[in-house]
Amino acid sequence: MIKRKGIALISVILIGALVFVSIIGVFLKVVPERNISVARTSSERALSAAEAVISQSSFDLRNTNIKDNVIEPQGMTHYLTVDIARSIAKLGVGTPIDAGELEYSTNPYTTYRVKFKKLPKGDIDMWDPGDPLSDDGDKLVYVAVYALGTVYRGISTSSEVAARKVIRTEMVILYHKESKYTSGENSDVFDYGLFSGIDIAFNGNAQSVDGDIFADGNIDLGNSLSKTRVVNGSASAAGAITGNGKVDLGKNPGVDPIEFPILNIPYYKALADNFKTGQAPYDGVPVYDKDGHLVPYPNTTNPFINPAIRSYLGAPGTSSTVSGIQDFYTNLMAGTGEFSLAYAKAPDALKNLQDNVKATVYYLQGDAHINGQFTCEGTLVIDGNLIINGGAEINNLGGLAFLVNGNIDRANGNATLRGLFYATGGITGNGTFDCYGSIVTKDSVDLNGTFNIYYEPVINMPNLDIEGKTEIVASNITEVEESPSTWEEISIDVFNSAS
């Protein structure tokens, strides 16, 4: 009996051991298979996230309205931003743009992330589709797209990574931009014969004739009791008006200041380039002012006119010179030099430019020196100082303005100036000169020696709105296509190095 019980106990132990071994065997088989299945599922999930971000990025780009700074449809959550869409075109070849990591799903917690890099093909120049002054037209931009999908074991990006998948592909993005040039009003500061953003001080025999004067600070009329400083005009100042000099039409101290307009150099530089290339407002499309009056801009698109202009004024993006501008104007008006072919082949186009040349904008970088005779029409924008030497004579045959992003230095000796002179700095110098037009400076005007300013108002001369105005009519992305045969899986190291 005891022997049977022992055998039974041994049997039970053996059977239990066999069951336990079977369970362990099953466990050892099932757990790895489950881990493999989970890993495979996580990997597939990460791949899906990477593919999803490519699709979402393509959708967002295709529906980007840069002009209105929105991605359609509004109210829907978008991954990309308008700034990213602009940056793809703005940045240079090889510069990375990281759109950042965004949640894709919560169970399991999954994210996606994309990077863009402009490729060295298509339109590779840095170009801002959101800048009113940038070139109009269509731009074809090729980009490499690096898409990362990540699955985490926890509930946030600080958790352990379960799986990652990275895809590289390429896209072709077609941008479209249209701008409308609007002729702005000439600045109010040009309604005065003499204007200062600070103070005006008269000394010696200096005077202003046939125009009002204005200072955002004080006006000192000098010590002479017999000298009329403002002939046939008034003197107005935001501050005080002191001194013994006379003013024919009254003194007005303590008036409201007039904000000095600061020269918009990029705006005028773009206008100078557009004149050279035949883009708006020099493209033949009529331009009107706010009252509906036609503004006389020349059409410089003619193939005989355009190369001649650039031969004197330089290629787009480059500075003109004083001598080049003088040669341009002299030969243009005579139909000689580089304009002789236009005189023979395109006389109407040449006549159009001659009649409307005062709408020209010339851009000069650095200091500009004028010696002796200088005859021209149009607006010279000088990104530097204007130095007018003794004996200089500036002739204005229809409309001439100098917009100086610096100082006007009138050297000793005699000079005769005809035109409008604006400076973001001041005017300095001695000697004798007569100015037929007006002088406008941001800094103080300290007139010494024998200076006579004979005010002549600006009439029918465009491009004196100073601060500039150009409006974007349309700027968007019209096409986004994934380049064929460019899809490939890459490593996380390659993704990380794309930065």
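Centre-to-centre separation between the Cα atoms of region 88-106 and those of region 224-242: 62 Å.
Dividing the summed helix terms, -39500 (n - 2.57) for each DSSP H run of n ≥ 4, by the number of residues in the chain produces a 222 nm estimate of -8500 deg cm²/dmol to the nearest 500.
Only lysines eight or more places from LYS165 in sequence, or on another chain, were considered; those with a Cα closer than 16 Å are LYS115.
In straight Cα distance, which lysines are under 17 Å from LYS118, not counting same-chain residues fewer than 8 positions off? Excluding near neighbours in sequence, the set is LYS90, LYS139.
Close amide-amide hydrogen proximity is noted between ILE66 and SER475, ASN476, ILE477, each under 5 Å apart and 5 or more residues distant or on a separate chain (H modeled in the peptide plane; Pro and chain starts excluded). Size descriptor for region 157-277, Kirkwood hydrodynamic radius: 19.0 Å (Cα pairs only, one decimal).
Each principal axis of region 188-468 carries a Cα extent, and these read 64, 41, 28 Å when sorted largest first.
Along its principal axes, the chain has C-alpha extents of 151, 60, 39 angstrom, given from the largest down. Measuring between alpha carbons in the structure, the pairs from LYS246/LYS442; LYS276/LYS469; LYS67/LYS276; LYS269/LYS469; LYS67/LYS358 lying more than 21 angstrom apart are LYS246/LYS442; LYS67/LYS276; LYS67/LYS358.
Fewest-first ordering of ASP443, ASP355 by other beta carbons within 10 Å of each residue's beta carbon gives ASP355, ASP443. Across region 456-471, computed HN-Hα scalar couplings (Karplus, 6.51 cos²θ - 1.76 cosθ + 1.60, θ = phi - 60°) run 10, x, 6, 10, 6, 10, x, 6, 10, 7, 6, 7, x, 7, 9, 10 Hz from first to last residue, x flagging Gly and Pro. All other residues with a Cβ under 9 Å from the Cβ of SER234 taken together, and with Lys, Arg as +1 and Asp, Glu as -1, what is their net charge? Result for the neighbourhood of SER234: -1. Of the chymotrypsin sites (Phe, Trp or Tyr not before Pro) found in region 301-404, no site is in coil according to DSSP while having at most 10 other Cβ atoms within 10 Å of its Cβ. 3J(HN,Hα) couplings calculated from phi for region 365-379 with the Karplus curve 6.51 cos²θ - 1.76 cosθ + 1.60 (θ = phi - 60°) are, in sequence order, 9, x, 5, 10, 10, 10, 10, x, 7, 9, 10, 6, 9, x, 10 Hz; Gly and Pro show x. Relative to one another, the C-alpha centroids of region 429-499 and region 145-223 are positioned 9 Å apart.
FYI, it's all coordinate maths here, none of it is from the lab. Everything numeric here is computed off the predicted structure, so don't read it as measured data. Note that each Cβ is placed from the backbone with ideal geometry, even for glycine, and that neighbours are counted across all protein chains shown.
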